[in-house]
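Below is one structure, written out as structure tokens; the observations come after it.
The values are calculated or read from the model by the stated rules, or taken from the named source; none is laboratory data. For clarity, every value in this text was computed on a predicted model and none was experimentally measured. The accessibility values were calculated without ligands, DNA or RNA, using every heavy atom of the protein model including side chains. Shrake-Rupley method; radii C 1.70, N 1.55, O 1.52, S 1.80 Å.
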Amino acid sequence: MKVRKTSKAAYDSLTLEHKRSMWVKIIKAARKLPNGGNFEQIAKKARLKPDQVWKRLPELVDAKVMYNTGETAPTSTGRQAMVRRLTKKWAA
């Protein structure tokens, strides 16, 4: 998949500090979902917009903070979305 220049520029404009603050909010919310959740479920617990969460989840998976459970859960539109769960190290 080709990444658009505007998308890359928007991503690059995010500061590490901003990303870290989002990661903290997502991790705190995910702790309230012991069986994990899709991006909408995590966003609701974190009181964030769903797009703020789904954009950060791959980073947390890459960092081994969360993992894809192999399960899916329906979104508000009825589509299935991956369920992510905190790794044992981060769940405590």
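Element breakdown for the chain at a 1.4 angstrom probe: carbon and sulfur atoms account for 55% of the accessible area. Give the label of the value calculated from the structure for Cα extents along the principal axes in Å, choosing from (1) 37, 30, 23; (2) 38, 29, 17; (3) 38, 27, 27. Working out Cα extents along the principal axes in Å from the coordinates points to (1). The calculated 222 nm mean residue ellipticity attributable to helices in the chain amounts to -14000 deg cm²/dmol, summing -39500 (n - 2.57) over DSSP H runs of n ≥ 4 and dividing by all residues.
Probing with 1.4 Å while keeping every protein chain in the model, the per residue accessible area of the chain equals 73 Å².
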